[in-house]
1. Can you tell me which of (1) modelled with pLDDT under 75; (2) surrounded by 15 or more Cβ atoms within 10 Å (Cβ to Cβ) is the one MET1 doesn't meet?
2. Could you tell me how many of the residues in segment 165-212 are assigned to a helix (DSSP H, G or I) and either among the polar types (S, T, N, Q) or touching a Ser or Thr at 6+ places or on another chain (Cβ under 7 Å) (or both)?
3. Filter segment 140-188 for residues that are within 13 Å of the chain's Cα centre (by Cα) and not polar (S, T, N, Q) and give the result.
4. I'm trying to understand the selection: among the residues of segment 70-92, which are part of a strand (DSSP E or B) and surrounded by 14 or more Cβ atoms within 10 Å (Cβ to Cβ)?
5. Within segment 155-171, track down each residue that is more than 22 Å from LYS209 (Cβ to Cβ) and touching a strand residue (DSSP E or B) at 6+ places or on another chain (Cβ under 8 Å).
6. Determine the pairs where a residue that is more than 15 Å from VAL136 (Cα to Cα) and of a type in the set (Gly, Ala, Ser), located within segment 195-206, has a partner that is modelled with pLDDT under 95 and surrounded by fewer than 18 Cβ atoms within 10 Å (Cβ to Cβ) with Cβ atoms under 8 Å apart, the partner being 6 or more residues away or on another chain.
7. Answer yes or no as to whether THR151 is closer than 22 Å to THR68 by Cα and either β-branched (Val, Ile, Thr) or surrounded by fewer than 17 Cβ atoms within 10 Å (Cβ to Cβ) (or both).
Amino acid sequence: MIDTFKALLNKLIPSLFAKKKHMKIGLYGPPNSGKTSTANRICKDWLGEDVLMGTVSEIAHETREIQTKENIHMKKKGKELTFNLIDTPGIATKIDYEDFLKHKLNKKVAKERAKEATKGVIEAIKWLDNMDCVIVVLDSTTNPYSQVNITIIGNLAARNIPVVIAANKIDLKKANVKSIEAAFPQYPVIGISAEEGTNMEELYESIVKMVK
């Protein structure tokens with residue numbers, strides 16, 4: 001009986017402590033920070049697919065549902081990582097349908113978009129519990145000390161999820177990566193341009209280093 005129990009334990013213990021086959025890496029950030037552009041860049045670099053996971057638009061909350069790209073295999077400096085990439089809707093503390101009216105959408109469509117965007121934010125927060133690692137994409141041309149950014153970082157810190165911050169849009173004149181570094185010194189900050197592919201290699205090295 002004891003030998004049988006030991007044999008069972010020997011079988012169970014390795015499986016209990018084995019690493020997940022596919023990790024989940026989430027892209028989080030406020031609307032229009034460049035999450036989808038970053039997701040597309042990652043897919044292009046590692047899957048060779050020049051296809052959009054979601055729509056890139058100047059209208060906030062264009063991504064209103066969770067988008068997933070599976071089986072991305074990343075290899076940097078001898079380390080390998082296979083993961084599912086999760087592109088989430090932009091996090092906002094307030095969503096007003098009138099913001100959509102500014103983009104020449106009619107009232108009915110604007111209200112529907114606001115409703116969908118609110119649902120998307122709720123889903124994105126729920127999905128945090130499934131994340132092994134999060135890339136927070138921030139717009140480096142805007143003030144990082146916003147309520148939205150602080151809310152995102154606070155939720156991640158509360159869950160003790162590994163984080164790397166991608167300070168996006170460094171190709172623009174107003175970019176200020178140092179302001180993001182000062183705002184969130186507890187996390188590595190990599191200045192990138194998802195649009196042009198600038199510094200993506202540095203971001204990939206940080207991701208592999210963080211989760212390995």
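1. Result: MET1 fails condition (2) only.
2. Number of matching residues: 4.
3. ILE152, ILE153, LEU156, ILE161, PRO162, VAL163, VAL164, ILE165, ALA166, ALA167
4. Residues satisfying the conditions are ILE72, MET74, LYS76, LEU81, THR82, PHE83, ASN84, LEU85, ILE86, ASP87.
5. LYS169, ASP171
6. Close Cβ pairs satisfying both conditions: GLY197/ASP45.
7. No: the conditions fail for THR151.
Yes or no, residue by residue, for (1) modelled with pLDDT under 65; (2) charged (D, E, K, R):
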site	(1), (2)
THR63	yes, no
THR68	no, no
LYS75	no, yes
THR93	no, no
LYS104	yes, yes
LYS108	no, yes
TRP127	no, no
TYR145	no, no
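The values are calculated or read from the model by the stated rules, or taken from the named source; none is laboratory data. This is a predicted model, so every value here is computed, not measured. Backbone-built Cβ (ideal geometry, glycine too); neighbour counts: all protein chains shown.
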